[in-house]
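Reading through the structure tokens given below for one structure.
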Amino acid sequence: MSGCQHKWKMKNVEFGFVVFEKCFHCNRVRTYFTTEMVAILGDEYREADHFWHRVENAQSFRFDLQCSVCGDLESFGDLMGLLYCTGCLSDCRLEILRRELEAERIHMLMACGFLGESELKPKQVRLDKLEELTNYFNQRRDTARSRIKIVPFDLEDGFCRCKGEFLYDVDMLSQEPITARRSPF
Amino acid sequence: MTTQELIEKVGLKPLSKFENRVVEGVYISDMVSDVMAGAKSGDLWLTIQTHKSIVPAANLVDVSAIVITGGKEVPAETVELASKYDIAILSSELPTFKLVGKLYALGVGA
């Protein structure tokens, strides 16, 4: 393990879309990142027993972090997005943690991996990577005022009932201002 | 220059309760993904986006304030969340281009 106190910079930034696809046969949802330049909605195709169609495109980006001291590169291609907790469920472990951290002026975000077609919960991003991502965002701010902490989404007790919101751009092609967004899950 | 000084000199309207901060630069974008990748701590973020997710995005990168340009109406829940996070949401009737001209003339971000 490197003994370097990493000084991270964001590298290899690619903008694209996080695509949410749903199978209208079994209702499974899967997600993936694409660097296609144009969002396509309603594109339908069959893959084995699944009949997929795109239900949402969220403009997003993917990136790596590179240490400016030792050159180590950490890829975050498995990170689908960051969610912030809206405090919708008072007994949720994430909400309880959020309140504890808030008292110390630490703002919490949850890291969510992609959802594969055979999975009911998103894949988790490694804890050590989330620690480095937390360090990166804290290196970008004055931590005397407040700090960031990025936690894994697997602390969330009920994925289907979570009303946390992703930090991504949805409905960018809409002419109307966006006030409410429905969850694609 | 601080956010309070900018409010007075440029005629911005504060919508949320906020901590007065030094403005280090200016970042213009209407995509939270772009802000997360590129904005710096202390930047003044100019945007026409008003969805409440601009607040945690602004908080993540520690911008000094968000300025909603073009007189866009900001939903109450966005203002409420900003007050809770202590993020300044300021409003300007000016389109982004004209506001940037004023900020540049004042030496902000130069």
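Structure data summary
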| quantity | calculated |
| --- | --- |
| Residue list for the stretch A:1-39, restricted to those being within 14 Å of chain B (Cβ to nearest Cβ), in contact (Cβ under 8 Å) with a residue 60 or more places away in the chain and in a loop (DSSP other than H, G, I, E, B) | A:A39 |
| Condition broken by A:F137, with the remaining ones in (1) modelled with pLDDT of 95 or more; (2) touching a Cys at 6+ places or on another chain (Cβ under 9 Å); (3) aromatic (F, W, Y) satisfied | (2) |
| Hits in the stretch A:133-147 (condition: free of Cβ contacts under 8 Å to residues at least 24 places away in the same chain and surrounded by fewer than 16 Cβ atoms within 10 Å (Cβ to Cβ)) | A:D142, A:T143, A:A144 |
| Qualifying residue in the stretch A:122-132 (condition: in contact (Cβ under 8 Å) with a residue 24 or more places away in the chain, within 14 Å of another protein chain (Cβ to nearest Cβ), aliphatic (A, V, I, L, M) and out of contact with any His (no Cβ under 8 Å at 6 or more places or on another chain)) | no |
| Residue list for the stretch A:116-140, filter: of a type in the set (A, V, I, L, M, F, W, C) and in a helix (DSSP H, G or I) | A:L127, A:L130, A:L133, A:F137 |
| Selection from the stretch A:94-123 of residues that are of a type in the set (V, I, T) and at pLDDT below 90 | A:I96 |
| Residue ranges of helices (runs of 4 or more DSSP H) in the stretch B:20-110 with at least 1 members modelled with pLDDT under 95 and within 14 Å of another protein chain (Cβ to nearest Cβ) | B:32-38, B:54-61, B:76-85 |
| Scope the stretch B:38-79; condition surrounded by fewer than 17 Cβ atoms within 10 Å (Cβ to Cβ) and either under 16 Å from A:Q59 (Cα atoms) or touching a residue at least 24 places away in the same chain (Cβ under 8 Å) (or both); matching residues | B:G38, B:I48, B:G70, B:K72, B:P75, B:E77 |
| Considering residues of the stretch A:75-115 that are among the β-branched types (V, I, T) and either surrounded by 15 or more Cβ atoms within 10 Å (Cβ to Cβ) or part of a strand (DSSP E or B) (or both) only, the residue farthest from the other protein chains (Cβ to nearest Cβ) | A:I106 |
| So A:Q66, is it of a type in the set (S, T, N, Q) and over 17 Å from A:L167 (Cα atoms) | yes |
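The values are calculated or read from the model by the stated rules, or taken from the named source; none is laboratory data. No experiment lies behind these values; they were computed from the predicted model shown. So basically every Cβ, Gly included, is an ideal-geometry build from the backbone, and we count neighbours across all protein chains shown.
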